[in-house]
1. Would you say Leu126 is in the same structural domain as Glu279 (by TED's automatic domain parsing), closer than 29 Å to Pro232 by Cα and surrounded by 16 or more Cβ atoms within 10 Å (Cβ to Cβ)?
2. Lys290 fails exactly one of the following numbered conditions: (1) of a type in the set (D, E, K, R); (2) exposed (fewer than 11 other Cβ atoms within 10 Å of the Cβ); (3) at pLDDT below 80. What is the number of that condition?
3. List every residue pair whose Cβ atoms sit under 8 Å apart, with the two residues 6 or more apart in sequence or on different chains, where the first one lies in the stretch 100-116 and is assigned to a loop (DSSP other than H, G, I, E, B) and the second, anywhere, is of a type in the set (S, T, N, Q).
4. Please work out which one of (1) aliphatic (A, V, I, L, M); (2) part of a loop (DSSP other than H, G, I, E, B); (3) out of contact with any Phe, Trp or Tyr (no Cβ under 8 Å at 6 or more places or on another chain) is the condition Leu126 fails and give its number.
5. Filter the stretch 255-286 down to residues that are assigned to a loop (DSSP other than H, G, I, E, B) and either more than 18 Å from Ala210 (Cα to Cα) or of a type in the set (Val, Ile, Thr) (or both) and give me whichever is modelled with the lowest pLDDT.
6. Which condition number does Ile233 fail, the rest of (1) part of a strand (DSSP E or B); (2) over 13 Å from Ala104 (Cα atoms) being met?
7. For a quick check of your reading of the model, give me the residue pairs whose first member lies in the stretch 13-27 and is more than 15 Å from Leu69 (Cα to Cα), whose second is in a helix (DSSP H, G or I) and among the β-branched types (Val, Ile, Thr), with beta-carbon atoms closer than 9 Å and at least 6 apart or on different chains.
8. Looking at Phe298, is it surrounded by fewer than 16 Cβ atoms within 10 Å (Cβ to Cβ), of a type in the set (Phe, Trp, Tyr), modelled with pLDDT under 85 and touching a strand residue (DSSP E or B) at 6+ places or on another chain (Cβ under 9 Å)?
Amino acid sequence: MFRFAHIEYLWLLLLIPVMVVVMEWSLAERKRRVAKFATAAAFRKLSPESSVRKLRWKFWLLALALVSLIFAIARPQMGSKLREVEREGVEIMVAVDVSNSMLAQDFAPNRLERTKYAVSRVIEGLSEDRIGVIVFAGDAYVQLPITSDYLTAQNFVKQISPSQVTRQGTAIGAAIELATRSFSSQSESSRVLILVTDGENHEDDALAAAQRAAEQGVKIYTIGIGTPEGAPIAIGDDFIRDEKGDIVVSKLDEEVLQKVAVTTGGAYVRATTASIGLEEIISLINRTEKTKFATEVFDEYNELFYIPLALALALLLLECVVLPRRNRVLAKFNLFGDKN
């Protein structure tokens, strides 16, 4: 497993575009000042050794050296030894509705993006629990199997989009069935499914699926996202319309979600613009009977910082070799393609 021991230092990479802007501004200002005293042709005769291209080469060598140095101080590491540890927690499967109705904008910027943000925040707060992700619309798919790798889980959550499920609809039952099959054999007494949807189920029998899930020890918590008044579904710059040409309005349907939660001994929460409700549900889950399960984690890491550090030193050495002006001997070979 690859990681950065101090990933926060990667924010320093934002200095690079700032440096590029400053460099280009400096060259433009230099050209403007030269133009006050001589034409370009006259300046080349007065200063034949001047080379803007070499200045750019030196800048980019310095910039690449800085990038390499930043990677070095962030300390890249590669896991080298796995160790099995025993943890006590809950297996949580999050099923996210990705049907077109989740693009309705009664939650800013839309229901789906607001859900992804909330799920990502919840993952940040996990420690001992394991998590998986399912996406569903007309069909359901496992986006991420049950894992203790929270960083990977967050990356997968960021990639959730309606394009991942080609068949439209809201098959809540299919999502429940898939989640029930996706828990590990170690979690028989602590299986939780969090279902986030607007509740407009038209595809299958969600209650029957919930009953079967309850028999397998799965407790389902449902979150209804949307408003009873509803909102139009925006795709690009246009709205989805029905066969008559009228704009389709997607409304929250709470009835099915409430029944599914009650069937499995879970709870239903209606999302608000202030809180999706995941924090409240996680608080309830923490009171659930936890189970012990074995998981493998990397216990030792090999340091790789010397690779970008060596590259940074090589680039700095090369930058020192490149002269800011033309060399009359090397100019015969035109190594840098100078025209200025």
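1. no
2. In the conditions (1) of a type in the set (D, E, K, R); (2) exposed (fewer than 11 other Cβ atoms within 10 Å of the Cβ); (3) at pLDDT below 80, Lys290 misses (2) alone.
3. Between residues of the stretch 100-116 that are assigned to a loop (DSSP other than H, G, I, E, B) and residues that are of a type in the set (S, T, N, Q), the close pairs are Asp106/Thr227; Phe107/Thr273; Ala108/Thr273.
4. Status for Leu126: all satisfied but (3).
5. Among them, the one singled out is Asn286.
6. Condition not satisfied by Ile233: (2).
7. From residues that are more than 15 Å from Leu69 (Cα to Cα), the pairs are Leu27/Val52.
8. yes
The values are calculated or read from the model by the stated rules, or taken from the named source; none is laboratory data. From a predicted model like this one, the values you see are computed outputs, not experimental measurements. Virtual Cβ from ideal backbone geometry, glycine too; neighbours counted across all protein chains shown.
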